[in-house]
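Notes follow the structure.
The values are calculated or read from the model by the stated rules, or taken from the named source; none is laboratory data. The shown structure was predicted, so the numbers you read here are calculated from the model rather than taken from an experiment. Note that each Cβ is placed from the backbone with ideal geometry, even for glycine, and that neighbours are counted across all protein chains shown. The accessibility values were calculated without ligands, DNA or RNA, using every heavy atom of the protein model including side chains. Shrake-Rupley method; radii C 1.70, N 1.55, O 1.52, S 1.80 Å.
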Amino acid sequence: MPQPLRYTLYADAPHTHRFRVDVHVAAPDPAGQELMLPAWIPGSYMIRDFAKNVVALSARAADGQALSVDKLDKDHWRCAPCVGALTVSLEIHALDLSVRTAYLDTRRAYFNGTALFPRLPQQADQPCELEIRLPQGAEYARWRVATALPALDVDGAGAGLYRAADYDELVDSPVEIGEQLRAQFIACDVPHEIVITGQVRVDLDRLSRDLKAICEQHIRFFGEPAPMSRYVFLVLAVGDGYGGLEHRASTSLICRRDDLPQPGDSGVSEGYRTFLGLCSHEYFHTWNVKRIRPAAFTPYDYSRENYTRLLWAFEGITSYYDDLGLLRAGLIDIPAWLQLLGETATRVCRGPGRLRQTLADSSFDAWNKFYKPDADTPNAVVSYYAKGALVALALDLTIRRATGGERSLDDVMRALWQRYGCHGIGVPEDGVEAIASEIAGCDLQAFFDLTIRSTAELPLAELLAEFGIDFTLRPAEGASDKGGTPARRTTARADLGLRTGTSGEELRVVHVIDGGAAQMAGLAAGDVLLALDGLRITPRGFEALLDRCPPGEPRTLHFFRRDELSSVTLLPLPAPADSVYCSVSTQPSAPVLERRREWLGG
Ligand code: ZN
């Protein structure tokens, strides 16, 4: 049995925002030990080149003698051969307040192993140990370590030794260190922990109860026993922020502190619903993408892009089940779920990119399109999350219709789990479609050609009607209108075909939509809007100004492009019907009502 690789993490100088890491290799490669840092973190499909944060790297032999290190490329090194054990020391800057990298200051330490721990290509499959050393001093006396990694030998604060079966587990187990609020619950016999960092007031009992309902819903969906022996929700609560990343036995989340349930609150606020939806989403990934995963990720190649056309299935289907999980767990009702569905459909309908990019291509090109948004993104890119969720809905209803309600997308997911996920076998690029056709009992190629490989509109209105749901399109009623609700306005509203952002008192064009009034007038992303018909444009007053502009009447718009003053004549168009509102049909026939009940309950 080889000695495990030992990684030692020092968070002993938080004020420098630099972690120190020692990698202790008992039996290094006699030809010279190679090591590399990942270029990306699974779950976030973008090359991030974590090695850019390495400030120093050195190596020494067992006798303390310094060894030379050759840098082979941007994130790949080779140490000179040595006799006996090898220790490689790194210093790594960490100040990214996201769930994807690493962060260290005097209030908190957080890391994903992909940002800090070099991978030894020949020893990546062998067990490793992580020793965590905390900073000393009274100000750090209340720091605690939270991670899904199993502890081998730790003190009351959680400092000490953890183990991982291999490199993949080491880097798939983020670690949160600082002062924390904690709560525990059991879901289907699995211990779960919620760890919250940040200054918060929160009703932990309520949160535990609601998360337990979600976790039990998803565990029972795929079938007991759950594939993990323990699970940890790592939550960073901030003034404003949102994000999550899935892992095999934990998730890292960033949320607004106001979205967490306050003591004394009873209903589910919009913010809390968003937070629960995020938890549900990342938890569903414990199966779908962490274990049921594309063959293209089996194993992960940490050095480069891993291409698959299946992200719509891993992110889209997960996005369908995240909110549906809240409904099935009894945390929201059917009207609330339909509102969320309407908002998702609205996001898709408002992007002309859906007519330019297929879902398969959105998946494949995630690395340099979806993850690198720019001024043209709404015109060129479709989200494999949002459109993927709508395709999951359409697929679910199509299978229910084809089998007279006997089978559904639920069965497809369970078959994917039984056939691939629970055996650690990667899903081939045609694997989801093959299982869906098998479950539906008919060839679904035409369905997938239309929904995944073409840019045709999805047949949602027809499908939903058969299940007693009305799908209505209406014009947007303002910049804050997310869709999902019925029309409130009776008069036609003008649309300029642009999306704006504010910086201070400036209103800046962020996106110019294809075919809209702004594009026809020649506006560009980056233009600063100054006046409409001689009246000053302010971020807060812009909507009211637009309300006084009926469609079809030319307007003069003044703006700055860079530092040059310009003006154009703008012809506002009627706002397009691109906002979706879903509602239960008022007088469905008995068979339609029965289909809806089988699908949504209630
Ligand atoms: Zn996701």
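Just to be sure I understand, how many residues within the range 309-330 are within 15 Å of the ligand (Cβ to nearest atom) and more than 18 Å from Phe222 (Cβ to Cβ)? So the count comes out to 3.
Criterion applied to Arg548, Arg597 was being farther than 24 Å from Arg489 by Cβ, surrounded by fewer than 16 Cβ atoms within 10 Å (Cβ to Cβ) and of a type in the set (D, E, K, R), and the one residue passing it is Arg597. Is there a residue being over 30 Å from Pro299 (Cα atoms), out of contact with any helix residue (DSSP H, G or I) (no Cβ under 7 Å at 6 or more places or on another chain), open to solvent by 50 Å² or more (accessible area, probe 1.4 Å) and among the acidic types (Asp, Glu) anywhere in the range 238-259? Yes, the range 238-259 has at least one match. The condition (being more than 16 Å from the ligand (Cβ to nearest atom) and under 30 Å from His285 (Cβ atoms)) is satisfied by just one residue among Ala66, Ala27, Ala11, Ala31: Ala11.
Each row is one residue, and each column tells you yes or no for (1) more than 30 Å from Pro225 (Cα to Cα); (2) surrounded by fewer than 18 Cβ atoms within 10 Å (Cβ to Cβ); (3) out of contact with any Cys (no Cβ under 6 Å at 6 or more places or on another chain).
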residue	(1), (2), (3)
Leu331	no, no, yes
Gly342	yes, no, no
Gly353	yes, no, yes
Arg356	yes, yes, yes
Lys369	yes, no, yes
Ala386	yes, no, yes
Val391	no, no, yes
Thr403	no, yes, yes
Ala434	no, yes, yes
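Total residues in the range 472-484 satisfying the condition of being open to solvent by 30 Å² or more (accessible area, probe 1.4 Å) and within 27 Å of the chain's Cα centre (by Cα): the figure is 3.
Looking across the range 82-123, the residues that are open to solvent by 10 Å² or more (accessible area, probe 1.4 Å), under 27 Å from the mean Cα position of the chain (by Cα) and over 19 Å from Arg60 (Cα atoms) come down to His93, Leu95, Asp96, Leu97, Ser98, Val99, Arg100, Thr101, Tyr103, Asp105, Arg107, Arg108. In the range 184-193, is there at least one residue being open to solvent by 10 Å² or more (accessible area, probe 1.4 Å), assigned to a strand (DSSP E or B), polar (S, T, N, Q) and in contact with a helix residue (DSSP H, G or I) (Cβ under 8 Å, 6 or more places away or on another chain)? Scanning the range 184-193 turns up at least one residue that is open to solvent by 10 Å² or more (accessible area, probe 1.4 Å), assigned to a strand (DSSP E or B), polar (S, T, N, Q) and in contact with a helix residue (DSSP H, G or I) (Cβ under 8 Å, 6 or more places away or on another chain).
Any idea which residue in the range 443-468 is most open to solvent (accessible area, probe 1.4 Å), counting only those that are closer than 20 Å to Glu315 by Cα and either among the hydrophobic types (A, V, I, L, M, F, W, C) or touching a strand residue (DSSP E or B) at 6+ places or on another chain (Cβ under 8 Å) (or both)? So the residue we want is Leu450.
Within the range 547-564, at least one residue is more than 16 Å from Arg508 (Cβ to Cβ) and part of a helix (DSSP H, G or I). Quick check on Val21: is it in a strand (DSSP E or B), touching a helix residue (DSSP H, G or I) at 6+ places or on another chain (Cβ under 6 Å) and open to solvent by less than 20 Å² (accessible area, probe 1.4 Å)? Yes; evaluated as a whole, the condition is true for this residue.
In the range 283-301, the qualifying residues are those that are over 26 Å from Ser454 (Cα atoms) and open to solvent by 10 Å² or more (accessible area, probe 1.4 Å), and the one that is nearest to the ligand (Cβ to nearest atom) is Lys290. Of the residues in the range 342-350, none is of a type in the set (A, V, I, L, M, F, W, C), away from the ligand (no atom under 16 Å from the Cβ) and either assigned to a loop (DSSP other than H, G, I, E, B) or within 26 Å of Leu97 (Cβ to Cβ) (or both). Condition check for Leu278 on (1) surrounded by 17 or more Cβ atoms within 10 Å (Cβ to Cβ); (2) free of Cβ contacts under 8 Å to residues at least 60 places away in the same chain; (3) farther than 30 Å from Ala39 by Cβ: one failure, at (3). Between Asp322, Asp258, Asp240, the distinction of being among the charged types (D, E, K, R), in a helix (DSSP H, G or I) and over 25 Å from Gly424 (Cβ atoms) belongs to Asp258 only. Of the residues making up the range 560-602, those that are over 27 Å from Asp322 (Cα atoms) and without any contact (Cβ under 8 Å) to a residue 40 or more places away in the chain are Phe560, Arg561, Arg562, Asp563, Glu564, Leu565, Ser566, Ser567, Gln587, Ser589, Ala590, Pro591.
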